[in-house]
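Colleague: Here it is, the structure, as structure tokens.
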Amino acid sequence: MSELEELTRALPMVGAESTILDDERMAHVVGQGHHILSRRTVPGLQLDLEETAEAIVGKMTVQAGATIEQPIHLCFGLAHPTGSQRIQIDVLVEERATARVLSHCLFPVATAAQHLMQATIDVGPGASLTYTESHYHGPHGGMLVLPHATVKIGKGARYFSDFSLLSGSVGSLDIDYLVEVEEDGIAELTAKIFAHKTDRIALKETIVLRGERSRGLIKTRVVLEDEARAEITGITEAHARGARGHVDCMEIVQGRAHASAIPIVRVFHPEAKVTHEAAIGSVNKKELETLMARGLTPEQAVEVIVSGILR
């Protein structure tokens, strides 16, 4: 079986059809290690990517005023138990352009492998980008994953990011995102992670509201079981009149897992406002009892509650 087939077979683990790459209406890039296995572009989208010995490097540009009707699929991963992948990509969504990116990061058989992603994202004035990133690291817990990104949101622009890792083991995950928002811009960052065994998570997301009437939301949902560990840091700063931000973190802890949540809010203007809430604990006892009264076992009831949190 080819490396391309190995990766596409894993797409259902992140909720995608294994045939999506066959759809000629959809742009895509598939990268295994530091090799580009497949690519397709569409009108309004420019893909300039190249292979090097140490990384896949390049730029993706959505041209001014363009609306990319179908999602752009970025599929990166490793089809082998060991190996390394580094992605360095610049994403530019030009003025008044609109695009959706579905990023699938697939490591189905990894036992000792690493994935490093360094991205810069620039969403121009009046533009909109929705970036959905789904991970599957296989069952063995052998992945080291470091996604780092710097994002700039222009005047009146919108950026929606959704990270999920819900199946298999996490391994070691270290996320660091910094988002700066200009006047009337909006940024929403959502992360959902289910960790098991000895998984380790460090998640740091920062939104800096620089422009007047800018908006920001950081929403995190993490469930930990066995001996998993997580440290979640959500930072929002408001620097201008009318800026509004909120940090919302919830962690559910089961077994011998450990969790910490660090919401940090900073306000540098008297007419700005940032709020936060953080909750760490076990599943809600009343919800558990209600589900068990309907005939579910304790294990089934916990599964239903966890699924609702991570939905």
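What follows is calculated from the coordinates using simple rules that are stated; it is not laboratory data. Computed from a prediction, not measured in an experiment: that's the story for all the values here. For neighbour counting, all protein chains shown are included, and Cβ atoms are generated from backbone atoms with ideal geometry for every residue, glycine included.
Colleague: Multiplying the sequence separation of LEU178 and GLU69 by 0.36 nm and subtracting their Cα-Cα distance, what value in nm do you get? Present the calculation step by step, with values, prior to reporting the outcome.
Modeller: Details: separation 109, 0.36 × 109 = 39.24 nm, distance 2.74 nm.
Gain on extension, LEU178 to GLU69, equals 36.5 nm.
Colleague: For the stretch 3-283, what class follows from the C-alpha gyration tensor (a ≥ b ≥ c being the square roots of its eigenvalues): rounded when a/c is under 1.5, otherwise prolate if a/b is larger than b/c, else oblate? Each step should come with its number before you reach the end.
Modeller: Values: a/c = 2.13, a/b = 1.09, b/c = 1.96.
Verdict is oblate for the stretch 3-283.
Colleague: Further, regarding this structure: Which value, in debye to the nearest 20, describes the size of the charge dipole of the stretch 40-181 about its Cα centre when Lys and Arg Cβ atoms bear +1, Asp and Glu Cβ atoms bear -1, and nothing else is charged? Show your work: numbers first, answer last.
Modeller: Details: 8 positive and 14 negative charges, 55 e Å.
Approximately 260 debye in magnitude.
Colleague: Note down the relative contact order for the stretch 3-283 as a percent, whole number, built from C-alpha pairs under 8 angstrom at least six residues apart. Can you show the working numbers first?
Modeller: Values: 945 pairs, mean separation 29.4, N = 281.
Result for the stretch 3-283 is 10 percent.
Colleague: Within the stretch 272-307, report the GluC sites (Glu not before Pro) that DSSP leaves as loop and that have at most 16 other Cβ atoms within 10 Å. Walk me through the intermediate numbers first.
Modeller: Details: sites: GLU277, GLU287, GLU289, GLU299, GLU303; in loops: none.
Of the GluC sites (Glu not before Pro), not one in the loops of the stretch 272-307 has a Cβ with at most 16 other Cβ atoms within 10 Å.
Colleague: At what distance in angstrom do the alpha carbon centres of the stretch 200-257 and the stretch 142-162 lie from each other?
Modeller: A separation of 13 Å, based on Cα centres.
Colleague: Separate question: Which one of VAL57, ALA113, ALA261 has its Cα pushed farthest toward the positive end of the charge dipole of the stretch 3-283, where Lys and Arg give +1 and Asp and Glu give -1 at the Cβ?
Modeller: ALA261
Colleague: For the chain, what proportion of DSSP beta bridges, expressed in % and rounded to the nearest 5, is antiparallel? Mind dumping the intermediate values first?
Modeller: Numbers: 12 of 145 bridges.
Rounded to the nearest five, the antiparallel share is 10 percent.
Colleague: To continue, here is another question. Between GLU271 and ARG96, what length in nm is gained on full extension when 0.36 nm per residue of separation is reduced by their alpha carbon distance? Spell out each step's value before the answer.
Modeller: Values: separation 175, 0.36 × 175 = 63.00 nm, distance 2.87 nm.
Taking 0.36 nm per residue and subtracting the Cα distance, the gain is 60.1 nm.
Colleague: In nm, what is the difference between 0.36 nm times the number of residues separating GLU24 and LEU296 and their Cα-Cα distance? Mind dumping the intermediate values first?
Modeller: Values: separation 272, 0.36 × 272 = 97.92 nm, distance 4.53 nm.
Here the segment from GLU24 to LEU296 would lengthen by 93.4 nm.
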